[in-house]
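Novice: Structure provided below as structure tokens; questions to follow.
The values are calculated or read from the model by the stated rules, or taken from the named source; none is laboratory data. Bear in mind that the values here come from a model prediction, so they are computed numbers and not experimental data. So basically every Cβ, Gly included, is an ideal-geometry build from the backbone, and we count neighbours across all protein chains shown.
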Amino acid sequence: MGNIDTYWIAIVLFAVAVFIVSFIVLQIRVEKFIYKRIKKIYDDVTLLESTSLTSGPITTDMKTLTEEIEKFAKDKKIEIDTLKIREEYRKDFLGNVSHELKTPLFTVQGYIETLLNGAMEDKAIRKKYLQRAAKGVDRLIYIIKDLDLITKLEVGDLNLEKENFDIVELIENVFDLLEMKASKKKISLTFDMAYPNPIYVRADKEKIQQVLTNLIVNSIKYGHKNGTTEVSVENLIHNKVIVRVTDNGEGIPEQHIPRLFERFYRVDKSGSRSEGGSGLGLAIVKHIIERHNEKIYVESELGIGSEFSFTMEKSKNR
């Protein structure tokens, strides 16, 4: 009887051992199978940088696997949506560049072809057409220079050469440079008040001059005849000033304000091109100010005018 009991106990223990071993082997094989299948899914749907599964143990629990896949799918959807946005942005950019370059190119081509087809013999026409072709070439150069600058700004490939300078004096210099342009539209360039004392700031003087030039040119371009462009310099906190460029021009519709600093964005799709410019002026302004770790703001009311303002660091040793 004792031998029989021992026999059955051995059989039961053997069965339990076989079950445990089988279960472990089956579990390992299932885990490997699931890992391979899930890894293949990851590899198939990965569109950006490849991401590998965690090297920890793989569970056979379907809830956990489903959550892992859903998280992966959500991350990939975000990446795909980002790619789509970038693709649309790239298409818009290329389309805008093409449009901006095409107009002066065709203008220059048209005048040159007219001259080659016989108009060159007439001295008056020859001079007039060559002058117009030269204007087209100048516009091309202007656009290409702005494209080169904004590319360097966007990739961080433009070093700032900071120095201490008088911002009031710099504004006066910009007024002098743009005096003739403003006088053609009978627009006055003025300060909001007298500044008898210098206001020293620390920044890249050449780049800040470009910022002021772009903003004031814009105010002239979209200003009314007999209007005014006013610049003010105000203290903020102990180490900051804010420069404001205010005009009483046509103003900007509210829906356009969030996109004003985009490359080639134009509020007036038809008339603005007749005013010239590369369409990159405000984008360049924004990049230069942000490169200085400063802020730029815009306020505008249709029919009343616009105000662009930016902060600057005060010079510490003045």
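A quick yes/no check of all residues on (1) farther than 30 Å from Asn214 by Cβ; (2) modelled with pLDDT of 70 or more; (3) not assigned by TED's automatic domain parsing to the domain that holds Gln27; (4) not polar (S, T, N, Q):
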| site | (1), (2), (3), (4) |
| --- | --- |
| Lys39 | yes, no, no, yes |
| Thr51 | yes, no, no, no |
| Leu65 | yes, no, yes, yes |
| Lys91 | no, no, yes, yes |
| Asp122 | yes, yes, yes, yes |
| Lys145 | no, yes, yes, yes |
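Novice: A follow-up question, please. Could you check segment 102-130 and list, in sequence order, the residues that are polar (S, T, N, Q), exposed (fewer than 12 other Cβ atoms within 10 Å of the Cβ) and within 23 Å of Gly279 (Cα to Cα)?
Specialist: Selection gives nothing.
Novice: Let me ask something else about it. For segment 167-211, give me each residue that is basic (Lys, Arg) and within 21 Å of Gly249 (Cα to Cα). Break it down stepwise before answering.
Specialist: Pass one, segment 167-211, residues basic (Lys, Arg): 181, 184-186, 202, 205, 207.
Result: Lys181, Lys184, Lys185, Lys186.
Novice: Further question on the same structure: Being at pLDDT below 80 and surrounded by 12 or more Cβ atoms within 10 Å (Cβ to Cβ) is the filter; apply it to segment 152-200 and report the residue that is farthest from Ile284 (Cα to Cα).
Specialist: Top of the filtered list is Leu158.
Novice: Every residue in segment 181-200 that is hydrophobic (A, V, I, L, M, F, W, C) and out of contact with any Phe, Trp or Tyr (no Cβ under 7 Å at 6 or more places or on another chain), please.
Specialist: Hits for segment 181-200 are Ala182, Ile187, Phe191, Met193, Ala194, Ile199.
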